[in-house]
Amino acid sequence: MTIAQWRKAGYQEMAEYENFKQLLQAPLDDAQEILQTRFPMPRYVDTEHGGSQARFLLSKVNPSQTHNNSNGWTQEPGAPILTDDVSLQVFMDHLKKLAVSSST
């Protein structure tokens, strides 16, 4: 959150904060290098803490609350994003159940 605030304030454009600019650029360079070696090339999303892309990415990577396990339909600030995707835990439980049922 602090880095996002510094980025919005434009510290990376100030000469005395050249090291901060390099700190922001290093992961981008690493990601570009990795992306070039992957086929098919994955989609790269540049986001920051609390941004719309960050919320979307979180809902795809780890959907912690869905319509199946929610306590209600109200969206409060900071509340989990409702999605139809299952959480990693639900997915792993299902895989375990399938593995046990197919071996007997």
Among the lysines, which have Cα under 18 Å from the Cα of K21 when same-chain residues fewer than 8 positions away are ignored? K8
Considering segment 5-61, what Rg and Dmax in Å follow from its alpha-carbon atoms? 13.9, 40
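Laboratory data are not the source of any read-out in this text; all were calculated from the coordinates shown. A quick note: this is a predicted structure, and the numbers were derived from the prediction, not measured.
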